[in-house]
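> This is the structure I have questions about; it appears just below.
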Amino acid sequence: MTNTNEFINQLASKLGRATPTETPNYVASNVPQYRLSNPKERASIFLDNWQALGGKGAIVESLEDTVQCLRGWFGDLLAAWPNKPQAIIAWDLLPTVAEYAFKALEWPLVRYTQAAQTAVDRYSLAALAELGVTGADRGIALSGTLVINSHPQRGRAISLLPPRHLTFIEASKLRDNLFEVLEELASLGIPPSAIEMISGPSRTSDIEMDLSIGVHGPIEVYVVVIDD
Amino acid sequence: MTMYNPTIDQRVDEALANDFLRLATRRATDRLRNNKYKATAELGDWEKWRQAGETIRTHVVANLDFYLQQLIGQIEKQGGHVHLAKTPADAIAIVRKIVADNNSKNVIKSKSMISEEIHLNHALEEDGSTVIETDLGEYIIQIAGEPPSHIIVPAMHKTRQQVADLFEPIAGHVLSSDTPTLTRFVRLQMRERFLQGDIGITGCNFAVANTGSIVMVTNEGNGRMVSTLPRVQITLMGMERIVPSFRELDVMLNLLARSATGQRLSSYTSILTPPKRASEADGPEEFHLVILDHNRSEILGDQTFRPALNCIRCGACFNVCPVYRQIGGHAYGSVYAGPIGSVITPLLEKDWKTWGHLPYFSSLCGACSEACPVRIPLHDLLVKLRARKTLSGHTPQIEQQIFKTYRYFFTHEKILRRALRLGSRLQWPLVRNGRISGGPPPLSNWTKSRTLPKVATKSFMQMWSELNP
């Protein structure tokens with residue numbers, strides 16, 4: 001175990017000067033950024049890119065749209081899921097449209113953070129669930145990416161342990177590129193303990209470069225873009 | 001260091017004789033390289049992105065003391081623990097102690113090149129812990145007991161049948177060798193491990209100095225598992241792996257994902273600022289960052305080789321290197337293979353005797369420098385390493401002797417003329433179809449795979465003096 005001062009001083013001496021006391025400046029090089037012209041285009045390109053990664057998705061304009069969309073994706077599956085009351089695990093509070101849609105469908109939601117006392121029990125619940133449901137804080141059109149911040153009423157395992165992950169995101173939360181998202185995140189001050197950027201399903205090409213979907217994370221990923 | 005065969009020649013010969021290895025390496029590197037071309041072309045002016053990357057990395061390395069100090073301060077402020085390791089042995093001792101203090105038996109790991117560099121797993125297993133590599137490729141080579149053959153695709157050299165054969169004793173039944181079956185087996189097998197893991201060890205692609213965050217990219221989601229589920233998270237980091245703020249992550253993450261696999265972003269990019277807040281349900285309660293020097297400070301103090309610290313470990317230089325593409329990663333014998341491995345291994349290990357061959361694993365064509373997303377002049381550094389090795393007297397006796405002889409003849413004109421005349425007469429046992437082939441060592445090192453022109457009957461010097469009497 002090396003003393004911090006000693007460690008830093010040694011680097012300063014290798015650099016041949018004293019350690020700066022102020023954040024050193026530098027001139028950043030500009031890079032050409034990907035820009036879209038309007039929100040409609042942004043939503044549709046986000047969806048295209050999400051689907052190209054192997055995700056499913058839809059843009060909804062109303063509660064009816066949402067209900068129909070969820071029924072189409074999960075209606076048949078739900079009937080076959082054993083352990084039905086605990087099959088869907090969700091954030092404590094989902095975007096309003098999502099809350100209403102699940103109520104209208106009468107599909108029971110297990111609220112992750114309240115579902116069990118200990119972390120181990122929560123993980124087991126999430127691992128046994130068939131579908132995890134979350135919202136997202138931001139989305140990136142260029143890469144088809146969802147950006148989800150951790151929060152006491154959320155739970156990070158919901159988007160990770162179940163074999164399916166469904167996210168609701170308002171179209172107004174979509175951005176063109178990563179840079180815009182990072183600028184907004186930087187303005188938060190102390191960042192949340194986890195910012196997860198998710199681009200499509202879990203994948204690997206580790207065996208003979210052959211693409212396989214769903215090695216550790218969700219195998220199927222769904223996004224509902226709420227036109228707001 | 002893990003090695004297959006003790007000598008370089010044996011390793012290279014073995015690689016060259018392994019048709020599957022060579023085909024697989026070529027196929028995989030072709031794929032990665034072509035994906036990269038597509039992903040970089042769509043960004044518009046890729047050169048501008050490379051320049052931006054170089055600017056950021058050069059700035060960070062030139063101010064590494066400041067940014068490390070800032071990073072350490074931020075992490076400690078958030079309740080994390082920072083450990084500074086001068087040597088691999090220090091780093092191992094630190095991790096061992098954390099594991100012992102927590103009385104942990106199940107260690108789950110996501111990919112970390114630092115853990116390969118310090119050979120961590122073996123030490124933890126000696127202490128009685130079970131250590132599981134959770135990246136599919138790393139898991140395969142862990143079972144096989146081999147080092148990674150590529151920095152991004154560690155089990156590139158294994159056929160699916162070999163993978164099935166490795167998994168079967170664990171599965172306890174016959175597995176078909178199609179990749180969906182193998183992937184599903186690993187998913188099920190690993191699930192229990194993830195849920196039981198009490199310590200998670202991760203790597204670190206970037207650390208953000210002004211927020212104390214760790215950035216990690218994976219495609220499988222194992223990085224998220226390891227940094228979300230266990231109570232304790234240990235992150236291993238090479239000390240140069242820093243960006244000043246979130247802003248620079250835009251350039252660095254674009255360069256990394258696009259150069260490594262040709263993706264716009266990896267499937268999972270996690271920006272973590274552990275430990276978890278008290279009111280949160282998931283995430284590690286305890287966080288340890290282990291920062292490794294291992295002679296990186298020596299490289300920092302060496303103006304010539306300092307740019308080697310700019311590397312972001314994307315593997316793009318592997319995929320274009322004509323040497324790597326022929327022999328794969330194991331022939332190098334080092335944890336880091338490819339052009340960047342040939343540059344940093346001799347510098348990190350400070351051992352010319354074991355690693356002095358690496359700067360010669362290059363045709364100096366410059367493809368690596370062109371591929372590097374942060375514009376490290378790799379081929380140039382390889383030449384400079386060769387010079388450094390030679391000047392420090394670490395070239396083989398025979399090579400030194402040859403160059404002494406060369407100097408002698410080329411500084412004694414008359415003797416040179418005589419020797420050439422003699423050579424043109426004495427060479428006949430070696431000449432076939434007008435070329436020199438075969439012969440005893442050291443000549444055979446050249447002639448075993450190519451021929452030499454024969455010594456001309458009339459030398460250039462003779463012709464010249466006839467033309468200018």
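> Checking the structure you have, find out if any residue of region A:78-90 is closer than 30 Å to residue B:198 by Cβ and among the charged types (D, E, K, R).
No, every residue in region A:78-90 fails to be closer than 30 Å to residue B:198 by Cβ and among the charged types (D, E, K, R).
> Hey, can you tell me all the residues within region A:10-39 that are in contact with a helix residue (DSSP H, G or I) (Cβ under 8 Å, 6 or more places away or on another chain), of a type outside the set (A, V, I, L, M, F, W, C) and surrounded by 11 or more Cβ atoms within 10 Å (Cβ to Cβ)?
A:10, A:14, A:19, A:20, A:23, A:24, A:26, A:29, A:32, A:33, A:39
> Considering only residues that are at the interface with chain A (Cβ under 7 Å from one of its Cβ atoms) and farther than 21 Å from residue A:126 by Cβ, which ones fall in region B:270-289?
B:271, B:273
> A further question follows. Could we say that residue A:46 is surrounded by 18 or more Cβ atoms within 10 Å (Cβ to Cβ), within 14 Å of another protein chain (Cβ to nearest Cβ), among the aromatic types (Phe, Trp, Tyr) and in a helix (DSSP H, G or I) here? Break it down into steps so the answer makes sense when it comes.
Values: surrounded by 18 or more Cβ atoms within 10 Å (Cβ to Cβ): yes; within 14 Å of another protein chain (Cβ to nearest Cβ): yes; among the aromatic types (Phe, Trp, Tyr): yes; in a helix (DSSP H, G or I): yes.
Here the answer is yes, as residue A:46 does meet what is asked.
> Can you find even one residue in region B:189-210 that is touching a residue at least 24 places away in the same chain (Cβ under 8 Å), surrounded by fewer than 22 Cβ atoms within 10 Å (Cβ to Cβ) and at positive phi?
Scanning region B:189-210 turns up no residue that is touching a residue at least 24 places away in the same chain (Cβ under 8 Å), surrounded by fewer than 22 Cβ atoms within 10 Å (Cβ to Cβ) and at positive phi.
> Out of curiosity, is residue A:84 among the charged types (D, E, K, R), modelled with pLDDT under 95 and within 24 Å of residue B:187 (Cβ to Cβ)?
yes
> Somewhere in region B:119-129, is a residue in contact (Cβ under 8 Å) with a residue 60 or more places away in the chain and out of contact with any strand residue (DSSP E or B) (no Cβ under 8 Å at 6 or more places or on another chain)?
yes
> Go over the candidates B:43, B:21, B:68 one by one and state the one that is over 25 Å from residue B:355 (Cβ atoms), surrounded by 15 or more Cβ atoms within 10 Å (Cβ to Cβ) and modelled with pLDDT under 95.
B:43
> I'd like the full set of residues that are acidic (Asp, Glu) and surrounded by 15 or more Cβ atoms within 10 Å (Cβ to Cβ), limited to region A:66-98.
The one that is acidic (Asp, Glu) and surrounded by 15 or more Cβ atoms within 10 Å (Cβ to Cβ): A:92.
> Same structure, new question: Given (1) more than 27 Å from residue B:319 (Cβ to Cβ); (2) out of contact with any helix residue (DSSP H, G or I) (no Cβ under 9 Å at 6 or more places or on another chain); (3) modelled with pLDDT of 95 or more, where does residue B:128 come up short, assuming only one miss?
Residue B:128 satisfies every listed condition except (3).
> I'd like the residue in region B:149-159 that is at the interface with chain A (Cβ under 9 Å from one of its Cβ atoms) and of a type in the set (Val, Ile, Thr) and, out of all such residues, is surrounded by the fewest Cβ atoms within 10 Å (Cβ to Cβ).
Ranking the candidates gives B:159 first.
> May I pose another question? Under 6 Å by Cβ, and 6 or more places apart or on different chains, what pairs join a residue from region B:235-251 that is touching a residue at least 40 places away in the same chain (Cβ under 8 Å) with one that is among the polar types (S, T, N, Q)?
If the second residue must be among the polar types (S, T, N, Q), the pairs left are B:235/B:202; B:236/B:112; B:236/B:115.
> Turning to a different aspect of this structure: Just to be sure, is residue B:20 closer than 20 Å to residue B:241 by Cβ and either outside the structural domain of residue B:159 (by TED's automatic domain parsing) or among the hydrophobic types (A, V, I, L, M, F, W, C) (or both)?
Answer is no for this residue.
> State which residue is farthest from the other protein chains (Cβ to nearest Cβ) when the search covers only region B:160-177 and only residues that are surrounded by fewer than 22 Cβ atoms within 10 Å (Cβ to Cβ), within 18 Å of residue B:28 (Cα to Cα) and in contact with a Ser or Thr (Cβ under 8 Å, 6 or more places away or on another chain).
Here the residue is B:161.
> Taking residue B:36 as meeting all but one of (1) within 12 Å of chain A (Cβ to nearest Cβ); (2) in contact with a helix residue (DSSP H, G or I) (Cβ under 6 Å, 6 or more places away or on another chain), write down the number of the exception.
Result: residue B:36 fails condition (1) only.
> Output yes when any residue across region A:91-110 is closer than 23 Å to residue B:275 by Cα and within 14 Å of chain B (Cβ to nearest Cβ), and no when none is.
For region A:91-110, residues closer than 23 Å to residue B:275 by Cα and within 14 Å of chain B (Cβ to nearest Cβ): present.
Okay, residues lined up against (1) more than 7 Å from chain B (Cβ to nearest Cβ); (2) touching a residue at least 40 places away in the same chain (Cβ under 8 Å); (3) buried (at least 24 other Cβ atoms within 10 Å of the Cβ):
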| position | (1), (2), (3) |
| --- | --- |
| A:181 | yes, yes, yes |
| A:184 | yes, yes, no |
| A:187 | yes, no, no |
| A:194 | no, yes, yes |
| A:204 | no, no, yes |
| A:210 | no, no, no |
| A:213 | yes, yes, no |
| A:216 | no, no, yes |
| A:219 | yes, yes, no |
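> Something else now. Can you tell which of B:342, B:334, B:392 is farther than 29 Å from residue B:254 by Cα and either not acidic (Asp, Glu) or not assigned by TED's automatic domain parsing to the domain that holds residue B:255 (or both)?
Unique residue meeting the criteria: B:392.
> When residue A:153 is evaluated against the numbered criteria (1) more than 20 Å from residue A:122 (Cβ to Cβ); (2) touching a Phe, Trp or Tyr at 6+ places or on another chain (Cβ under 8 Å); (3) surrounded by fewer than 24 Cβ atoms within 10 Å (Cβ to Cβ); (4) more than 7 Å from chain B (Cβ to nearest Cβ), which criterion, by number, is the only one it fails?
Result: residue A:153 passes all but (1).
> Okay, next question. In the list B:215, B:186, B:226, which residue meets the criterion of being of a type in the set (A, V, I, L, M, F, W, C), surrounded by fewer than 24 Cβ atoms within 10 Å (Cβ to Cβ) and either out of contact with any Pro (no Cβ under 6 Å at 6 or more places or on another chain) or more than 10 Å from every other protein chain (Cβ to nearest Cβ) (or both)?
Details: B:186 fails: surrounded by fewer than 24 Cβ atoms within 10 Å (Cβ to Cβ); B:226 fails: surrounded by fewer than 24 Cβ atoms within 10 Å (Cβ to Cβ).
After applying the criteria, what remains is B:215.
> Let me ask something else about it. Checking the conditions here, which among B:56, B:98, B:108 is facing chain A (nearest Cβ under 8 Å), touching a strand residue (DSSP E or B) at 6+ places or on another chain (Cβ under 8 Å) and closer than 30 Å to residue B:349 by Cβ?
Of B:56, B:98, B:108, the one residue that is facing chain A (nearest Cβ under 8 Å), touching a strand residue (DSSP E or B) at 6+ places or on another chain (Cβ under 8 Å) and closer than 30 Å to residue B:349 by Cβ is B:56.
> Identify, please: which residue in region A:113-165 is acidic (Asp, Glu) and more than 21 Å from residue A:192 (Cα to Cα) and is, among those, modelled with the lowest pLDDT?
This residue is A:121.
> Of all residues in region A:104-124 being part of a helix (DSSP H, G or I), in contact with a Leu (Cβ under 9 Å, 6 or more places away or on another chain) and not aromatic (Phe, Trp, Tyr), which is nearest to residue B:192 (Cα to Cα)?
My answer is A:124.
> OK, next. How about region B:366-469: which helices (runs of 4 or more DSSP H) wholly inside it have at least 3 residues that are exposed (fewer than 15 other Cβ atoms within 10 Å of the Cβ)?
Numbers: elements: B:367-371, B:378-391, B:397-410, B:413-426, B:443-447, B:460-467.
Once the helices (runs of 4 or more DSSP H) in region B:366-469 are filtered for at least 3 residues that are exposed (fewer than 15 other Cβ atoms within 10 Å of the Cβ), what remains is B:378-391, B:397-410, B:413-426, B:443-447, B:460-467.
The values are calculated or read from the model by the stated rules, or taken from the named source; none is laboratory data. Computed from a prediction, not measured in an experiment: that's the story for all the values here. Ideal geometry is used to build each Cβ from the backbone, glycine not excepted, and the neighbour counts take in all protein chains shown.
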